[in-house]
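K.L.:
My structure is below; once you've seen it, I'll send some questions.
The values are calculated or read from the model by the stated rules, or taken from the named source; none is laboratory data. Quantities reported herein were computed from a predicted structural model and do not represent experimental measurements. With ideal geometry, Cβ positions are generated from the backbone for all residues, glycine too; neighbour counts draw on all protein chains shown.
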Amino acid sequence: MSDIETQLSEIQGKVAAAAKSRGDVQLVAVSKTFPSADIRVAYDKGQRIFGESRLQEAETKIQELPPEIEWHFIGRVQRNKVRKILPLFPYIHAVDSMKLAGYMDGVAKDLGLKPKIFLQVNQAGEESKGGFSESELASNLGELSALQNVEIVGLMVIPPAEKSDEETRLWFRKLKDLRDSINAGNLLSLPFLSMGMSGDYEIAIEEGATHVRVGSAIFGKREKKIEGELG
Ligand SMILES: *Cc1c(COP(=O)(O)O)cnc(C)c1O
């Protein structure tokens, strides 16, 4: 087996075991910067959900690969790309402001689409990252719940990097608590939590992730950091 096959199988096994013991967990295989040939290897191993963070790169791959793939846009969404992103990506992981959510809703209406979106939360208040603070989210819940053309399915976080596992766990727990408190109100109902990457997806699963976004642990080390990448 190739490295990709071996690494993917191991991670698929862990995700499936978690899904069995406590319900739905999806592996989003983050293929940004990796060629279509690598994605094909993972596809042939049964992987159907892939994450990309740059539109132009993804457009080429989407054309080359089977239509059965469910593409998730995980990167920062630039407003001027929304019209092209929505038809290709049924899931958008990083809707980071009320303004963007509202704009996306309008474009989705024009296109006759209903994308599933996650709201990115920046509970740590990191300047370098986008996302709703807890208080922004609280004050926008009414407006968010009124959007008719996007389906808000969950929250997403990229916790501060280079912290200990225990600190990372606390960020995941904090996101889940926030999701639970939103669900306890009657404005939004959010089934999903998008959290956990190569270094911490197992912790994220323990803390309730429904979508883990794993790239380098499957495909190997990325050569370059790319524009549009978060975190
Ligand atoms: C690149 C990226 C990932 C995957 O990162 P790895 O460390 O390679 O697993 C997950 N989420 C987002 C938002 C990313 O940009």
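K.L.:
Report yes if some residue within the range 196-207 is out of contact with any Gly (no Cβ under 8 Å at 6 or more places or on another chain), surrounded by fewer than 21 Cβ atoms within 10 Å (Cβ to Cβ) and farther than 21 Å from residue 72 by Cβ; otherwise report no.
P.N.:
Yes, that holds for at least one residue.
K.L.:
Right, here's the next one. Looking at the range 68-99 only, could you name the residues that are in a helix (DSSP H, G or I) and within 15 Å of the ligand (Cβ to nearest atom)?
P.N.:
As a first pass, look at the range 68-99 and keep what is in a helix (DSSP H, G or I): 79-88, 98-99.
Correct list: 85 only.
K.L.:
Which condition does residue 122 not pass, out of (1) of a type outside the set (Val, Ile, Thr); (2) touching a residue at least 40 places away in the same chain (Cβ under 8 Å); (3) crowded, with 19+ Cβ neighbours inside 10 Å, if it passes all the others?
P.N.:
(2)
K.L.:
Continuing with the same structure: Let me confirm something: among 142, 154, 112, which residue is among the small types (Gly, Ala, Ser) and either at pLDDT below 95 or surrounded by 14 or more Cβ atoms within 10 Å (Cβ to Cβ) (or both)?
P.N.:
154
K.L.:
Give me the helices (runs of 4 or more DSSP H) completely within the range 148-231, filtered to those with at least 2 residues that are within 11 Å of the ligand (Cβ to nearest atom) and in contact (Cβ under 8 Å) with a residue 40 or more places away in the chain, ordered by residue number. Talk me through it step by step, then tell me what you get.
P.N.:
Values: elements: 165-184, 201-206, 216-219.
Of the helices (runs of 4 or more DSSP H) lying wholly inside the range 148-231, those with at least 2 residues that are within 11 Å of the ligand (Cβ to nearest atom) and in contact (Cβ under 8 Å) with a residue 40 or more places away in the chain span 216-219.
K.L.:
Across the range 47-67, which residue is surrounded by the most Cβ atoms within 10 Å (Cβ to Cβ) among those that are in a loop (DSSP other than H, G, I, E, B) and touching a helix residue (DSSP H, G or I) at 6+ places or on another chain (Cβ under 7 Å)?
P.N.:
47
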